[in-house]
């Protein structure tokens, strides 16, 4: 199997099951329970997990608080919910982008109440047009919430400039950082976001855990209440096994970040070059953009992207056209002004550090054969 759909869901680390098995069988007591001492043997391991999470995000425990959640979706909900609770902010609006991922827009629309919601324009690469954002901020926006890197397109936002602009107008900033952690170098001091959310699964942890970093003295309002876990900000027992899996995944992601930013880039570029050599008619989008090392968006003229995905899956190659918990690729491309043919024929290949050069050549061979076969079949009805 060659798995190139790591934006939708990523496989756990190969040996992760063995590493967390003791926390499912023997060390089953939650780390914060009392008054007995059954949790004592795992406290140091839990603390190490927290340190690994902070290290990957390049944050310090004395400058940012970390609240664990079940996913990045819960994290986004709690951040937006927090922003709606202060009456003093009731006349200020929410801001995201026209191309941003579905969850942020849906959550904003659900919690906004009587507030307005703006979708700021982006350029042809999907980056926020800063002049347009400033016009909105001048009206008194409460929160700018957007993906640091688009989960399917992989295009990076100019977050340092965004953060500076938000600070200048007293607007809070939330960055959804799930796709960036472990794949990109950044300077948190220059960004200084108020909220950073993330999900553990794309880091190759088990699904079911994510988190929120809060900075600048920001306090979250509890979305789930009823007990005192995590300082009363998020009620519910912490799943020790999932926390340990996240800590392990964060530690490995940091250790392999250099590889992600060099070797994986080389393999992605090789993958694109070989496909272009065999199929000159295809188009690689965002090739010159600031993008994540893992993402490749390719347009296959004359073949429906969904049909190509189906036939590749029959040969154990898995890619994506978005959907599920991300915005469909076609919708994102439509927001950027691409025509219907491009929207329909585009496929996203999202690599991981487990992608090898052997995988590159095998995937290219199968993709080329499959595309040529489908194009010969579909040219009778597919109008380009």
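The table below gives the values:
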quantity	calculated
Filter pass, residue 255 being within 21 Å of residue 44 (Cβ to Cβ) and either surrounded by 18 or more Cβ atoms within 10 Å (Cβ to Cβ) or touching a residue at least 24 places away in the same chain (Cβ under 8 Å) (or both)	no
Unmet requirement for residue 106, which otherwise passes all of (1) within 29 Å of residue 10 (Cβ to Cβ); (2) at pLDDT 95 or above	(2)
Any hit, segment 93-104, residues being out of contact with any strand residue (DSSP E or B) (no Cβ under 6 Å at 6 or more places or on another chain), assigned to a loop (DSSP other than H, G, I, E, B), assigned by TED's automatic domain parsing to the domain that holds residue 191 and buried (at least 16 other Cβ atoms within 10 Å of the Cβ)	no
Condition met for residue 72 (crowded, with 18+ Cβ neighbours inside 10 Å and at pLDDT 90 or above)	yes
Only listed residue being surrounded by 14 or more Cβ atoms within 10 Å (Cβ to Cβ) and not in a loop (DSSP other than H, G, I, E, B), chosen from 41, 22	22
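Here's the yes/no breakdown for (1) within 23 Å of the chain's Cα centre (by Cα); (2) more than 27 Å from residue 105 (Cα to Cα); (3) in a helix (DSSP H, G or I); (4) assigned by TED's automatic domain parsing to the domain that holds residue 116:
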residue: 29; (1), (2), (3), (4): no, yes, no, yes
residue: 46; (1), (2), (3), (4): no, yes, yes, yes
residue: 55; (1), (2), (3), (4): yes, yes, yes, yes
residue: 78; (1), (2), (3), (4): yes, no, yes, yes
residue: 82; (1), (2), (3), (4): yes, no, yes, yes
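The values are calculated or read from the model by the stated rules, or taken from the named source; none is laboratory data. Just so you know, these numbers come straight off a predicted model, no measurement behind them. Note that we place each Cβ from the backbone using ideal geometry, even for glycine, and neighbour counts take in every protein chain shown.
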